[in-house]
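Peer 1: Below is the structure I would like to discuss, written out as structure tokens.
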Amino acid sequence: MEDILAKLLVDDSAIIAQGTAELREVLKNPESTPTLCQIVVSSVNPEIRQYAGVLLRKKFIKAKYWSKLPVNIRTEIKSIILGGLVNEQEKMVKNTIAQLIGAIVKHELSNNTWPELFQFIQQVVASNNILEKELGMYILSKMTEVAPEIYLAHAQSLMTLLAQTYASLQQQYGNDTGYYIVKTMENLSPLVEGNQIMVNAYNEMVPLAILTIQALIENNNDKALYSMELFYELFENAITVVSPHIKNIILMCLIVAKNTTLEDELRVKSIEVISCLARTKTRAIVKNKLVEPIVDVLFELLSSKPDDENDENYFAEDDDDITTSLVTIASEALHTLATNLNPDKLLPHLLKHIEPNLQTNNNYAKKASYLSLAVLAEGCAEYIRTKYLEDFLRCICQGISNQSPVVRNAALFALGQFSEHLQPEISQYAQQLLPVLFDYLGQMCEQLKQGNNKTPSADRMFFALEIFCENLNDGLLPYLPTLMDRLFVILETEASTVHLRELALSAISASSNASKENMLPYFPKIMSILDIYLVNTNNEFVREFDDDDPRMESNPNCLLVQSLDTLGVLARTIGEKNFSPFITKSMNLSITLLTEVYDPDVRKSIYGLLASLALLTKKEMAPVLPQILDYIINSMQSSDGVVTYYKDDAPIVNSQFTVYEDLDEKENEDEEDIENTDNEDDNDDDDADDDVAGYSVINSYIEEKEEAILALREIAHWTEEAFMPYIEKSFEETFKLISYPQDSIRKASIEALAQFCINLSKINTQDGKIALLKALGVYVPKLSEIIRLDDDLSVVITAIEGLTELLKEIKEPVVIAEGHKDAIMNCISDVFNGKVECQDQDECECDDDEAEQDEYLIECTGDLMANFGKTIIPDEFALFFQKTLPFLKNKIKDSKSDSQRSFAVGTIAECLGSLKHNIVPFVPQLYQLFKKCLDDHSPEVRNNAYYGIGELVYHGKECLYPTYNEILQLLASNLPREDSPGPRDNMTGIIARLIITNHSLVDVERVFPVFVQQLPLKQDFEEYKAVFKCILTLYQSGNEIIKPHIQTFLKISICLLHEKQIENEETKSLVVEFINSCQRDFSNEWAAVLSELSPEIQQTFSS
């Protein structure tokens, strides 16, 4: 037997194959099991001892193999391996034997048929000999690692044993015994929640575990690192036992992070622990005054000197090729704080570092200041735009002109982040920012013309340029010629590297998104450049641009990928008529590449291109749908890119052969295992995972899967009934991914499933209605579950938005099924009351600590509530509205942020129409509430307050008649001093609603000219619905006041339709009705207005 095992350890595939075949034959003999046991404890070769142990564990992890052995053989094996464990000196073999014991205990524990083992453990753990004590805890840690769930029935005795062992260490925790106690606690963590015995024990032991880790840090960095895994397990499975100890955990981690003598891996781990707590226990961090010390340490880490001053990575989480460093983990931790803390709790502590260090001569401290600004942009967007935007941008402009690449790159990164998250305000600074970026671009072009392609700040410069330009929209047009000229230089200059060409193509995509059909003058040249990379897809052709570009090694298809992305953007933006000659060619290219190139990045880009083509072809895409949907569904189903991490020695066997699995299959062909039939298949599935420590998925495969789902959604949207033959399969496959580990996949799945339901709602047949209700029957409960239980806030927001979209588009069928109505109401109430999983559950004296993303969650829920009201009967909604009104009124307090007050006022206003006759009891308090908000300093709050009064007037009718004069006086007083367009538009809306509801109570002769002066509306175009209802009300009543203004209203109407400023179909129909009426009744005025228009517009409105 030893000779056979030795053949499996050589580096020769032929010998391994021979040994595998021989081993299969030997293992058919029942005597092979005792032989392997003897080898485990007697072979002189430790690798063979280990291999034999792994083989036995792989066999005995399955109950049927163990139970088939005679009792005397089982007893003998248990005795041999326990003795072997005590005597074994090689660590790797000792681990294997301990895991073998754990596999056997899994079957013996329930029947108490191995009492000797537990007696032995208790005996050695109680020993005064530290080595024996260590052995006992070592065995227990390995046993609980194999199958922790079987120890739940023995929780009391295990907790007592751990506590007694801790006590016996007499505060000397930094030894291996302390380490194994921590690992045992980690293994048992999934059993803690809900088990009060364990909760109490862990509450006592977590402080001791902290002391153990602190002691291990001083003498064994590796074990300290592994011990910190306990925190992750507790965060996930038993956060309640962590809460009392958060301060001590964070303070310990901060000490570790600051200690430059420790290994970077341990320091990184300590910051990761802090980040986890920042996501889940924000209020505890604030309550314990830990924000300031955390910020101090993070800023210190951000100030460290990089290995490469020209190319430092700031974030690692989105790139498989980037190793997590102290700077990347500190950036991500600060970003986590920014997105989970109220800005008032974070900014003051951070600014005390940023402001002085921007003035210092220390470039690394300056770098840290700009990185800090960058990571604030997303989570503190409103706070920055209302208080610091101009000051911060001034500093960033100085930074991107700095001579030091360390400073310059960080400042460019900050500008990119600001451009992404602080729109539209930042676009107002285009005149200051774009010349600086264009100057960089110009210098780069000159270098390339001279043959110099060393451009150290290119990535950061293009990042900032792309995001800034993409969000400028028409504001980019004055700069477009200069920008395109320089991008073409990069693409056409021989010295340009592959990566520079890739960046230039990406910048063209961003510019196309902003410029749309204004890109047409450059379109032919862009297409000719794309043809080079799209037609010649072989890697050797692309390599000729730059044989030394390292990008080519990790992603040889990078230019093809970017070209496909750019082509997809052009298809969406350049105009259907302009792109139509390229549709067939692009479709054929997509199908060819799907067939010939197996690369997740390429497939992702193809799916994006196909989604763009669906926008253009719509139902005409039907002939190719079967072929392309097969590829899309395959990508969704694929498990490619999944990386399995094994425990300890598991790969030894898993990576080479599975002899017992093969034998098992052969046995099952001939016999049935009578003794172990119950749930045997399930157990075997679990057993297969016992060797697995975890999984990860390579990012490119995640992105492929995500783009496949998004493309499927968009294809369904644009192809409509042509998609119907594929909708059932698409729904089933997408629903399987709605609980996928990666949040991006869950979000894409939610969005796609909503679209499939909308597609089904458009089938006006009995079968269509049945299919819709069936889909909603599984989808709505799943959305409710996600909203309440998913711990990722962005996923919950997507679920709420998905539910809102269903209510908007499908309406009543969404709430028909039993339980749907209650589920939606419960979701709304739970979010408003802070009871869903993604919200911080800690009690807090102050309710003003929400981060901006938490506020956005509540805002989305308000939108859900307003749309929910439109789908249920008014009497039911009135009861729910009454229940939630106190929460909304609380959000209007002066202490709340502008966005919270605006949200609350707006949500109340949006709900009024759904109350119908039930609005009456709410009118007095809501009128006073809205009236008070008219004096708010925030224009958004005033805007919504005016809108609310208008809705009260419109829906409250007779209840508001006595206040007409008061309302008109308010408007007369406030209009001259209101300088924000939104509130002014909504004042106009109030006048319109007063006239619509009862124009006999309005002095139309005096009020209507003021109303006309406010037109056209400047910002809130949704108010055109009320405006044109008002105009038609007077028109149809024959009021003469309308006549002098007919031409004015016609010009506004034509402009709205021609420039597509209104999206609401009801509003469009009102505008068209007015135009038709004027053509009939005021033909001279219509002809006069028409004559002033361009020939193109004349033709449109004459037909």
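Just so you know, all these numbers are worked out from the coordinates, no wet-lab data involved. Being a predicted model, the structure only gives us computed values, none of them experimental. Glycine gets a Cβ as well: all are built from the backbone with ideal geometry, and neighbour counts include every protein chain shown.
Peer 1: Could you derive backbone 3J(HN,Hα) for region 492-506 from the dihedral phi with the Karplus parameters 6.51, -1.76 and 1.60 (θ = phi - 60°), listing whole Hz in sequence and x where the residue is Gly or Pro?
Peer 2: 10, 8, 4, 6, 4, 7, 4, 5, 5, 5, 4, 5, 5, 4, 5
Peer 1: Now a separate question. Using just the C-alpha positions of region 944-987 as equal point scatterers, what log10 of I(q)/I(0) does the Debye formula give at each q in 0.18, 0.28, 0.32, 0.34 1/Å?
Peer 2: The computed values of log10 I(q)/I(0) come out as -0.52, -1.04, -1.17, -1.21.
Peer 1: Which of I949, P981, N965 sits closest to the plus end of the dipole of region 884-1013, meaning its Cα is farthest towards the positive end, when Lys and Arg get +1 and Asp and Glu get -1 on the C-beta?
Peer 2: Value: I949.
Peer 1: Additional query: Please give the net charge around E751, taking every other residue with its beta carbon less than 11 angstrom from that of E751, where Lys and Arg add +1 and Asp and Glu add -1.
Peer 2: Charge balance in the 11 Å sphere: -1.
Peer 1: Based on a Kirkwood Rh over C-alpha pairs, give the Stokes-Einstein translational diffusion coefficient of region 884-1013 at 25 °C and viscosity 0.890 mPa s in µm²/s.
Peer 2: The Stokes-Einstein estimate is 167 µm²/s.
Peer 1: Across region 142-159, in residue order, what do the Karplus-derived ³J(HN,Hα) couplings come to in whole Hz, using 6.51 cos²θ - 1.76 cosθ + 1.60 with θ = phi - 60° and x for Gly and Pro?
Peer 2: Listing the rounded values in order: 6, 4, 6, 6, 6, 8, x, 5, 6, 8, 4, 5, 10, 4, 4, 5, 5, 5 Hz.
Peer 1: Using +1 at the Cβ of each Lys and Arg and -1 at the Cβ of each Asp and Glu in the chain, identify which of A147, T212, I48 lies farthest towards the dipole's positive end.
Peer 2: Checking the options against the dipole of the chain, the answer is T212.
Peer 1: Right, here's the next one. Bin by bin, in steps of 10 Å, what percent of the Cα pairs in region 19-125 do you find, going until the bin that has the longest distance?
Peer 2: 14, 50, 31, 4, 0
Peer 1: Charges only on Cβ, +1 for Lys and Arg, -1 for Asp and Glu: so what's the dipole of the chain about the Cα centre, in debye to the nearest 20?
Peer 2: Here the chain has a charge dipole of around 3560 debye.
Peer 1: Which value, in debye to the nearest 20, describes the size of the charge dipole of region 1039-1103 about its Cα centre when Lys and Arg Cβ atoms bear +1, Asp and Glu Cβ atoms bear -1, and nothing else is charged?
Peer 2: Dipole size: approximately 120 debye.
Peer 1: Based solely on its DSSP helices, what 222 nm [θ] is calculated for the chain when runs of n ≥ 4 H residues each add -39,500 (n - 2.57) and the sum is averaged over all residues, nearest 500 deg cm²/dmol?
Peer 2: Mean residue ellipticity at 222 nm (helix-derived): -22500 deg cm²/dmol.
Peer 1: Can you give the net charge of the other residues whose Cβ lies under 12 Å from the Cβ of E1092, counting K and R as +1 and D and E as -1?
Peer 2: Once all neighbours under 12 Å are counted, the net charge is 0.
Peer 1: By its C-alpha gyration tensor, with a ≥ b ≥ c as the square roots of the eigenvalues, how is region 233-280 shaped: rounded for a/c under 1.5, else prolate for a/b larger than b/c, else oblate?
Peer 2: In terms of gyration-tensor shape, prolate.
Peer 1: Amide H neighbours of V697 under 5 Å, at least 5 residues apart or on other chains, H built in the peptide plane: list them.
Peer 2: Those lying under 5 Å, H to H, from V697 are V643.
Peer 1: Something else about it: Can you pull the one-decimal nm distance between simple spin-label points at D898 and D12, each 7 Å off the Cα toward Cβ?
Peer 2: Output for this residue pair reads 7.8 nm.
Peer 1: For the charge dipole of region 1039-1103, defined by +1 on Lys and Arg C-beta atoms and -1 on Asp and Glu C-beta atoms about the Cα centroid, which residue among L1090, F1049, S1077 has the Cα displaced farthest towards the positive pole?
Peer 2: Final value for the positive-end residue is L1090.
Peer 1: Working from the pairwise distances between different alpha carbons, so that the mean of 1/r is found and then inverted, what is the chain's Kirkwood radius in Å? Could the numbers behind the result be given before it?
Peer 2: Numbers: mean 1/r = 0.0293 Å⁻¹.
Averaging 1/r across every pair of different Cα atoms and inverting gives 34.1 Å.
Peer 1: Does region 1039-1103 classify as rounded, prolate or oblate by the C-alpha gyration tensor (a ≥ b ≥ c root eigenvalues; a/c under 1.5 gives rounded; else a/b over b/c gives prolate, otherwise oblate)?
Peer 2: Cα axes put region 1039-1103 in the oblate bin.
Peer 1: Oh, and also: Residues with beta-carbon under 13 Å from that of D474, excluding D474: net charge, scoring Lys, Arg +1 and Asp, Glu -1?
Peer 2: Value of the local net charge: -2.
Peer 1: Would you order F756, F1082 from fewest to most other beta-carbon atoms within 10 Å of each residue's own beta-carbon? Provide the component values of the computation, followed by the final result.
Peer 2: Values: F756 25, F1082 18.
So the residues, fewest neighbours to most, are F1082, F756.
Peer 1: Taking the Cα atoms only, what angle lies between the long axis of helix 659-670 and the longest principal axis of the chain, rounded to 10 degrees?
Peer 2: It is inclined by approximately 90 degrees.
Peer 1: Short version: ³J(HN,Hα) in whole Hz for each residue of region 606-617, in order, from phi by Karplus 6.51 cos²θ - 1.76 cosθ + 1.60 (θ = phi - 60°), x for Gly and Pro, what are they?
Peer 2: With the stated coefficients, region 606-617 comes to 5, 4, x, 5, 4, 4, 5, 5, 4, 4, 8, 8 Hz.
Peer 1: Hey, another quick one. Rounded to the nearest whole Å³, what is the per residue volume of the convex hull around the Cα atoms of region 211-366?
Peer 2: Enclosed volume per residue, from the Cα hull, is 121 Å³.
Peer 1: Please work out how much length the chain gains when fully extended from N965 to E720, using 0.36 nm per residue of separation minus the C-alpha to C-alpha distance, in nm with one decimal.
Peer 2: Here the segment from N965 to E720 would lengthen by 83.1 nm.
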